[in-house]
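Below: one structure, written as structure tokens.
The values are calculated or read from the model by the stated rules, or taken from the named source; none is laboratory data. Predicted model, so just to flag it, every value in this text is computed and none were measured. Reconstructed Cβ throughout: ideal geometry from the backbone, glycine too, with neighbour counts over all protein chains shown.
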Amino acid sequence: MTTYNWDLIERLLHEVQNGAGHSFTPRPYAEQHAAEKAAQGEEIENLDHLKAVAGEYEKLLLERGYIEPRPEEEGGNGENFVLTPRGSRLLSLIDSSIPGNDHPRQVLDEQEDALDEFTFDDLASKAQIA
């Protein structure tokens with residue numbers, strides 16, 4: 001069973017969403033994420049590991065169709081992305097600013113691999129997950 005750091009994925013998806021005109025850099029985003037969590041008094045896992053995971057998530061999100069290269073006319077520079085419809089659905093499910101985001105994360109965690117394209121698309125199509 002694959003488990004994901006939903007807070008980190010949420011951070012990466014927000015950076016993609018707001019990334020017009022600048023390069024997507026997952027390792028520094030992981031570092032910023034860790035600093036914010038530490039400031040909130042949360043325990044932080046090994047920072048080097050977190051940075052490596054962020055890089056792996058970038059690759060996974062791209063390969064599985066959650067993000068795609070940003071078109072030039074939308075501020076694309078060859079090193080940044082946009083959310084796909086699948087990525088937007090994922091972000092809406094795990095977004096911590098939305099009350100009740102714990103339930104969708106729990107449902108996702110119960111899957112063999114929640115970010116498998118077929119598994120996610122099936123889950124996201126069910127109204128009861130949200």
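Give the residue that is nearest to Y4 (Cα to Cα), with candidates limited to residues of segment 53-75 that are free of Cβ contacts under 8 Å to residues at least 24 places away in the same chain and over 12 Å from the mean Cα position of the chain (by Cα). Full working, then the answer.
Step one: filter segment 53-75 for residues free of Cβ contacts under 8 Å to residues at least 24 places away in the same chain, giving 56, 59, 62-63, 68-69, 71-73.
Keeping just the survivors that are over 12 Å from the mean Cα position of the chain (by Cα) gives 63, 68-69, 71-73.
Working: E63: 16, E68: 20, P69: 23, P71: 28, E72: 31, E73: 33 Å.
The qualifying residue nearest to Y4 (Cα to Cα) is E63.
Examine segment 42-51 for a residue that is closer than 24 Å to G21 by Cα and at pLDDT 85 or above, and state whether such a residue exists. Within segment 42-51 (the criterion being closer than 24 Å to G21 by Cα and at pLDDT 85 or above), the answer is yes, since at least one residue qualifies. For the condition in a helix (DSSP H, G or I) and closer than 18 Å to W6 by Cβ, E112 does not qualify. For Y66, indicate whether it is among the hydroxyl-bearing types (S, T, Y), crowded, with 20+ Cβ neighbours inside 10 Å, within 28 Å of T119 (Cβ to Cβ) and touching a Pro at 6+ places or on another chain (Cβ under 8 Å). So Y66 fails the test.
If the condition is being within 14 Å of G19 (Cβ to Cβ) and surrounded by fewer than 16 Cβ atoms within 10 Å (Cβ to Cβ), then segment 69-87 contributes P69, P71, E72, E74, G75, N77, G78, E79. In segment 89-109, the residue that is surrounded by the fewest Cβ atoms within 10 Å (Cβ to Cβ) out of those that are touching a residue at least 60 places away in the same chain (Cβ under 8 Å) and not acidic (D, E) is S96.
Would you mind stating whether L115 is hydrophobic (A, V, I, L, M, F, W, C), within 23 Å of F24 (Cβ to Cβ) and either out of contact with any helix residue (DSSP H, G or I) (no Cβ under 7 Å at 6 or more places or on another chain) or surrounded by fewer than 18 Cβ atoms within 10 Å (Cβ to Cβ) (or both)? Against the criterion (hydrophobic (A, V, I, L, M, F, W, C), within 23 Å of F24 (Cβ to Cβ) and either out of contact with any helix residue (DSSP H, G or I) (no Cβ under 7 Å at 6 or more places or on another chain) or surrounded by fewer than 18 Cβ atoms within 10 Å (Cβ to Cβ) (or both)), L115 does not qualify. Remark: pairs (first residue in segment 2-27, hydroxyl-bearing (S, T, Y); second residue surrounded by fewer than 17 Cβ atoms within 10 Å (Cβ to Cβ); Cβ separation under 6 Å; 6+ apart in sequence or on different chains) = T2/D113; S23/E79.
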